[in-house]
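The values are calculated or read from the model by the stated rules, or taken from the named source; none is laboratory data. Just so we're clear, the structure is a prediction, and the values are computed from it rather than from any experiment. Reconstructed Cβ throughout: ideal geometry from the backbone, glycine too, with neighbour counts over all protein chains shown.
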C-alpha cells in the first residue's frame, strides 16, 4: 500500500465511524494498521533515498 493510499484512508475511516458503520474498537484497530503501513512505507522510502545504489529516477 502506498503512503498516499494510507493517507487517503483517514477521511473515509473517520466518516464510517461518525456514521456508526463501525464501532470505536474496530476504528482503532484499522487506524493502527493504516498508521503502521504508512510508517513502514516512510522508512522504506528513506532507506532508498539514503542508499548508495541509485536508479535513473534518483540521479
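For residue 14, the criteria (1) modelled with pLDDT under 90; (2) assigned to a helix (DSSP H, G or I); (3) surrounded by 10 or more Cβ atoms within 10 Å (Cβ to Cβ) hold in every case but one, which is (1).
Residues are listed down the side, and each one gets a yes or a no for (1) at pLDDT 90 or above; (2) surrounded by 12 or more Cβ atoms within 10 Å (Cβ to Cβ):
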site: 3; (1), (2): no, yes
site: 22; (1), (2): yes, yes
site: 25; (1), (2): yes, no
site: 33; (1), (2): yes, yes
site: 36; (1), (2): yes, no
site: 43; (1), (2): yes, no
site: 49; (1), (2): no, no
site: 52; (1), (2): no, no
